[in-house]
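Asks: Once you've had a glance at the structure underneath, I'll fire off some questions.
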């Protein structure tokens, strides 16, 4: 597994590991130049569109696009490894 894919997976798993720690507005922030990723959970007061618009050096991906329902635990999310792999492959 390449480093970026691993970082994306770790960020998604940080989101899925604690339902109360992050909101559904959480984003994965990718630095294409450095090939790094991190979890970002904006507050309700943050203007997400403005943050993204004012930060052209990074790509922002909705974390909900990288999870799937956990069939073993209804109501829980798990990392969608296929979606994460497809995202990482773009870099």
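Asks: Any residue in region 27-46 that's in contact (Cβ under 8 Å) with a residue 60 or more places away in the chain: show its pairings with residues that are part of a strand (DSSP E or B) and surrounded by 14 or more Cβ atoms within 10 Å (Cβ to Cβ) at Cβ separation under 8 Å, as long as the two are six or more apart or on different chains.
Replies: If the second residue must be part of a strand (DSSP E or B) and surrounded by 14 or more Cβ atoms within 10 Å (Cβ to Cβ), the pairs left are 30/36; 30/37; 30/59; 30/60; 30/61.
Asks: Of everything in region 30-64, what is within 17 Å of residue 12 (Cα to Cα) and out of contact with any strand residue (DSSP E or B) (no Cβ under 9 Å at 6 or more places or on another chain)? Give them in sequence order.
Replies: 35
All of the numbers you see were taken from the coordinates with simple rules; none came from a lab. All of these numbers come straight from a predicted model, not from anything done at the bench. Note: ideal-geometry Cβ built from the backbone for every residue, glycine included; neighbour counts use all protein chains shown.
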